[in-house]
Amino acid sequence: MTSLGYQSVDFHRPKPALKGLDAIVDGWAGICRRRGRLLAAIQQQAEEIDALAPALQHLSDRHLQERLFEYREAFRRGNRERMNAVLLPAIAALREAADRQVGMRPFLVQLMGALALQRGCLAEMSTGEGKTLTASLVAVLWAWTRKPCHIITVNDYLVQRDAEWFGPLYRFCGIHAGFVTGAMPPDERRKAYGCDVTYATSKEVAADFLRDCLQVGLLRNPTRRLIRKLLQPELESQRPLVMRGLHGAIVDEADSILIDEAVTPLIISARQKNDILREAVQAAREIADSLRPPHDYTVSHRFREVEFTPEGTTRLESLCLPLPGIWRGPDRRVELAKQALVAREFYRLGKQYIVADGRVVIVDEFTGRPMPQRTWREGMHQAIEAKEGLEITDPNETIARISFQRYFRLYYRLAGMTGTAREAAGEFWHIYRLPVLGIPPHRPCIRTQYPDRMHPTDEAKWDAVLDEIVRVHSIGQPVLVGTRSVAASEILAARIAACGLEFKLLNAVRHQEEATIVAMAGERGRITIATNMAGRGTDIRLGHGVAQLGGLHVIATERHESRRVDRQLFGRSARQGDPGSAVAILSVQDEILRRFLPRPLHQQVCRAVSSCLPGAQWMARAALSAAQRNAQRAAAKLRRNVLRIDDWMDQSLSFGGSETGDMRMSAD
């Protein structure tokens, strides 16, 4: 009982990030871990595993299962030497079991990926190379140690699909798999976490961890909790813990989860009635409606800030004279007015949020999916509700919070997979101690990548996108068009509909048929429009005869702040040696150029492209690359700040003793 109690709340205490010269030396150590020597060793081991295949193919299912159970016992005993001795034959047996139970036989490169994950690396495997199957092999090995293994992916659809897909393999190997989705009640979550392997999204596991921390409170010691259970059984029976500790995690789409979402904290909150705030944001909207740039305030698109001019400050003071006490303090009225202006200038309907059933619903910036359970903090959500003329809800009071950077550093064993990791290899090592290892593709990629096409206006860009769709569709080649926002996808959809062409639209508003739409995107003559495609292209398969037409053609209508996200979209074509093509059709008015280029340079690029000057396209592409570098540096700075805050909280709360400090900092 006490041992299980320790395990249920057990997690790793991450060390503070290194700084200065120590960080530089450690960075070189990470580079050494990523050198080709490790890849060569893994390839040799994969070839040894492959050589064991003939001896296993002649075994009956019963004898194969008996051999797997022998390997399971070796892992359960926890003897490291014995585990290393049986590692390669165990993976060979798992490979044979996967072939028989789910009809998928891992290729040599998937065996290399499994070995990389087993070593605690981040395996960079191209889109379509079978990362899901690779993770299942390692999940079995980790689950055999009797410690829970979490497989983290990007959405509930993949969570449930993968758990059910590989269920026969797990059962054949003597372990159980479960999954956790957003709609599950606590009892079902507890049952899923009780399995040896649990599939879940990052948001669900982090939220369940926070809830367990709140439930445990300061009684992290299982002996103390046992005493409380004996003395106050009614408290323990109200809500037992859901999770079984943070022991091992395999993260799919690791760059999206560990890097892109790292700056967004996960928060447990409760509604707090605040009539004063509701009245204040309504008044702030009315004040903001009477203010105009640049006379009253200036707008910084790069830093997403507004600043009042002296004239604007004077005008704001006069507008607030008839308002109640909260508006009489100069700092407070400026803060409220700025919030209303930020909501108006930077938060766009159809991009950062949508309105559904009379409610503001946040749209995930990286996946384009709606997040109905999340709200913006510090009155911003109410400011946007006032902007849209909706009923203003009560704000949420933060009960517990944790950054994803901190959460995933709490696991004792961490590994990951993605198709786009090399740009952030240094950051993966510095924050998560994950060396990035590039796994070669099973078949060479034969995608045709066309140069970016830059246009002077958004109108010209959409005309060019429509012309490209019509041209490719005329020969029967399927087209996948990626947009960055719901609004952009709706604009393009209206233009295509006006041409009389059939298409499928996938965005935060029209997401119910996601699996079906994605599965059919590779069929002959298909036109698919989709917002950000992180985690959405898993099921795209080419229809009959499509390969002869050139495969799937991908069109990007806007570049992202991160090159990795661009590569995710382009990686949806030319999978597993299939043909494919990709092109970006852009405008010099795109947001990334407006936000992350100095204004004089942006104006020069606009003039050059508008006048069709010689070298204008080259100049625009160079400017775009510079804007992406600036955006990536800004994002990396935000992540470093989050890391510093995490380390500061560890140090500032350590005065309360190890037990008190650990639990409090985990719930903050």
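The values are calculated or read from the model by the stated rules, or taken from the named source; none is laboratory data. What you are looking at is a predicted structure, and each value in this text was computed from that prediction instead of being measured. Cβ sites come from the backbone with ideal geometry, for glycine too, and all protein chains shown count toward neighbours.
Do we have any residue at all in segment 365-373 that's part of a loop (DSSP other than H, G, I, E, B), in contact (Cβ under 8 Å) with a residue 12 or more places away in the chain and in contact with an Asp or Glu (Cβ under 7 Å, 6 or more places away or on another chain)? Break it down into steps so the answer makes sense when it comes.
So in segment 365-373, the residues part of a loop (DSSP other than H, G, I, E, B) come out as 365-369, 372-373.
Then drop every residue that is not in contact (Cβ under 8 Å) with a residue 12 or more places away in the chain, which leaves 365-369, 372-373.
Going one step further and asking which of them are in contact with an Asp or Glu (Cβ under 7 Å, 6 or more places away or on another chain), we end up with 366.
Yes, some residue in segment 365-373 is part of a loop (DSSP other than H, G, I, E, B), in contact (Cβ under 8 Å) with a residue 12 or more places away in the chain and in contact with an Asp or Glu (Cβ under 7 Å, 6 or more places away or on another chain).
As for segment 327-339, it holds at least one residue that is assigned to a loop (DSSP other than H, G, I, E, B) and over 35 Å from the mean Cα position of the chain (by Cα). Go through segment 352-373 and report how many residues are within 25 Å of GLU204 (Cα to Cα) and at pLDDT 80 or above. Total satisfying the criteria: 11. Restricting ALA93, ALA46 to those that are within 20 Å of ARG171 (Cβ to Cβ) and buried (at least 17 other Cβ atoms within 10 Å of the Cβ) reduces the list to ALA93. When GLY36, GLY5, GLY78 are screened for being at pLDDT 75 or above, over 30 Å from ASN641 (Cβ atoms) and either assigned by TED's automatic domain parsing to the domain that holds MET243 or not β-branched (Val, Ile, Thr) (or both), only GLY78 passes. Can we say HIS544 is in contact with a helix residue (DSSP H, G or I) (Cβ under 6 Å, 6 or more places away or on another chain), outside the structural domain of GLU124 (by TED's automatic domain parsing) and touching a residue at least 12 places away in the same chain (Cβ under 8 Å)? In short, no.
Could you please let me know if GLY482 is surrounded by 15 or more Cβ atoms within 10 Å (Cβ to Cβ) and more than 30 Å from the chain's Cα centre (by Cα)? No. Run down GLN632, GLN617 and say which single residue is outside the structural domain of ASP452 (by TED's automatic domain parsing), under 19 Å from ASP458 (Cα atoms) and of a type outside the set (Asp, Glu). When all the criteria are applied, what remains is GLN617. Looking at ASP156, is it acidic (Asp, Glu) and either touching a Leu at 6+ places or on another chain (Cβ under 9 Å) or touching a residue at least 12 places away in the same chain (Cβ under 8 Å) (or both)? Judged against the criteria, ASP156 is a match.
Quickly run through segment 340-361 and pick out the residues that are outside any helix (DSSP H, G or I) and not basic (Lys, Arg).
Across segment 340-361, the qualifying residues are TYR347, LEU349, GLY350, GLN352, TYR353, ILE354, VAL355, ALA356, ASP357, GLY358, VAL360, VAL361.
Can you list the helices (runs of 4 or more DSSP H) found entirely within segment 104-191 that contain at least 1 residues being acidic (Asp, Glu) and surrounded by fewer than 23 Cβ atoms within 10 Å (Cβ to Cβ)? Steps first, answer last, please.
Values: elements: 108-118, 131-143, 156-165, 167-172.
Hits in segment 104-191: 156-165.
Can GLU164 be described as out of contact with any Ser or Thr (no Cβ under 7 Å at 6 or more places or on another chain) and of a type in the set (Asp, Glu)? Break it down stepwise before answering.
Working: out of contact with any Ser or Thr (no Cβ under 7 Å at 6 or more places or on another chain): yes; of a type in the set (Asp, Glu): yes.
Against the criterion (out of contact with any Ser or Thr (no Cβ under 7 Å at 6 or more places or on another chain) and of a type in the set (Asp, Glu)), GLU164 qualifies.
Scanning segment 192-215 for residues that are within 27 Å of ARG72 (Cβ to Cβ) and not in a helix (DSSP H, G or I) gives GLY194, CYS195, ASP196, VAL197, THR198, TYR199, ALA200.
Quick check: is even one residue across segment 126-141 within 23 Å of ARG76 (Cα to Cα) and touching a Phe, Trp or Tyr at 6+ places or on another chain (Cβ under 6 Å)? Steps first, please.
Looking only at segment 126-141, we keep the residues that are within 23 Å of ARG76 (Cα to Cα), and these are 133-141.
Of the ones still in play, those that are also touching a Phe, Trp or Tyr at 6+ places or on another chain (Cβ under 6 Å) are 136.
Yes, that holds for at least one residue.
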